[in-house]
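In what follows, a structure is listed as structure tokens, so that the remarks can point back to it.
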Amino acid sequence: MTAPSRPTFPLSLAEEGATVRVIAIRGGSAFVLRVAELGINVGCELAVRQREGGGLVVARGAARFALGAGMAQRILVAAEGAADESSQRSKQS
């Protein structure tokens, strides 16, 4: 049995205050390297601290990063706990 897949969306669409998990990074090797140098990689958890215009301020642990709209659009995330919440709801029914 396969695990239920979580819906993914670009980081640029995440709500302020949301905690998300990085599912994929779309872009060339230079972009992937750049975000990896910031500490953002597939599987890491990010907290959206602030949204201003198209840009975001995200936190990973104690580190905070400002990302432009273009960068945030190429980072695919899933809401943290989304799969757990939906499975708990179906168990309660």
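Annotations for the structure displayed:
Results for (1) over 12 Å from Met71 (Cα atoms); (2) over 12 Å from the mean Cα position of the chain (by Cα), shown as yes or no for each residue.
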| position | (1), (2) |
| --- | --- |
| Ala14 | yes, no |
| Ser29 | yes, yes |
| Val32 | no, yes |
| Val35 | no, yes |
| Ile40 | no, no |
| Cys44 | yes, no |
| Val48 | yes, no |
| Leu56 | no, no |
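- Selection of region 7-25 for residues being surrounded by fewer than 17 Cβ atoms within 10 Å (Cβ to Cβ) and among the charged types (D, E, K, R) yields Glu15, Glu16.
Each reported figure results from applying straightforward, stated rules to the coordinates on display, with no laboratory input. These figures come from a predicted structure and were not determined experimentally. So basically every Cβ, Gly included, is an ideal-geometry build from the backbone, and we count neighbours across all protein chains shown.
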